[in-house]
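Undergrad: After the structure tokens below, expect a handful of questions from me.
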Amino acid sequence: MFDKDRVYSRTEIQHLVGGEIQTYLPQRNKRILAGCFNQELNPDCPVQIQAGNAGKVISKAELVISQPENEFPVFIKPNEKSKDYRYIGVFKCTGGTNAPEILREAEEKSGRFGQLSYAFDLEQVK
């Protein structure tokens, strides 16, 4: 469905997978359809994703963590200013935590002190 040799806009991704356009984890009927991550905010992406502390961001993190069997395409953009996402493969969430010591480590990596709610892990399946 997706080609690793081209870039995709967020609109293109939404048209292909569905779900909302203004979220890092678009979903429909409580099922995560894709992951769209900013590598500047997630330096260990796609292995670890750092979820911010806004209400909708927290609920998306909890949803993806609750779906370890769900496989979805993952796209990465290099920074906030970029509009282009690169497809990197199909992944699933293997777990996540809001343990303070893990969040402190994640904050050190990204510089987002006091702004994280969860860190969750992804594993490539395709």
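Undergrad: Given an 8 Å cut-off on Cα distances and at least 6 residues of separation, report the relative contact order of the chain as a percent.
TA: Rounded, it is 28 percent for the chain.
Undergrad: Further question on the same structure: Can you give the FRET efficiency to the nearest 0.05 for Asn29 and Ile58, using r as the Cβ-Cβ distance and R₀ = 22 Å?
TA: 0.65
Undergrad: Normalised by the residues of the stretch 1-70, what does the relative contact order come to in percent, with Cα pairs under 8 Å and at least six apart?
TA: 20 percent.
Undergrad: From the C-alpha coordinates alone, can you work out the Kirkwood hydrodynamic radius of the stretch 1-75, in Å?
TA: 12.9
Undergrad: Under unit Cβ charges (Lys, Arg +1; Asp, Glu -1), what dipole magnitude, rounded to 20 debye, does the chain have relative to its Cα centre?
TA: 420
Undergrad: Could you grab the Rg to Rh ratio for the chain? Cα atoms only, Kirkwood for Rh.
TA: Using only Cα positions, Rg/Rh for the chain is 0.93.
Undergrad: Please enumerate, by chain and number, the aspartates and glutamates with C-alpha under 14 Å from the C-alpha of Lys81, excluding those fewer than 8 residues away in the same chain.
TA: Within reach: Glu40.
Undergrad: When only DSSP loop residues count, what trypsin sites (Lys or Arg not before Pro) in the stretch 39-89 have their Cβ near at most 12 other Cβ atoms within 10 Å?
TA: Lys81, Lys83
Undergrad: Let me ask something additional. With a 1.4 Å probe and every protein chain kept in, tell me what percent of the accessible surface of the stretch 6-126 is carbon plus sulfur.
TA: Carbon and sulfur atoms account for 49 percent of the accessible area of the stretch 6-126.
Undergrad: How do Val74, Val57, Val7 rank by accessible surface area computed with a 1.4 Å probe, from largest to smallest?
TA: Val7, Val57, Val74
Undergrad: Mind checking which of Glu107, Glu12, Glu62 has the largest fluctuation in a GNM of the chain, springs on alpha carbons under 10 Å?
TA: Glu12
Undergrad: If each of Arg112 and Ser66 carries a label point 7 Å out from its Cα toward its Cβ, how far apart are those two points in nm?
TA: Distance between the two pseudo-spin positions: 2.1 nm.
Undergrad: Let me ask you something else. With unit charges on the beta carbon (Lys/Arg positive, Asp/Glu negative), name the residue among Leu63, Gln39, Asn29 whose Cα is farthest towards the positive pole of the charge dipole of the chain.
TA: Asn29
The values are calculated or read from the model by the stated rules, or taken from the named source; none is laboratory data. Fair warning: this is a prediction, and the values are worked out from it, not measured in the lab. Positions of Cβ are backbone-derived with ideal geometry, glycine not excepted, and every protein chain shown enters the neighbour counts. The area values use the complete protein model at the heavy-atom level, side chains included, leaving out ligands, DNA and RNA. Shrake-Rupley method; radii C 1.70, N 1.55, O 1.52, S 1.80 Å.
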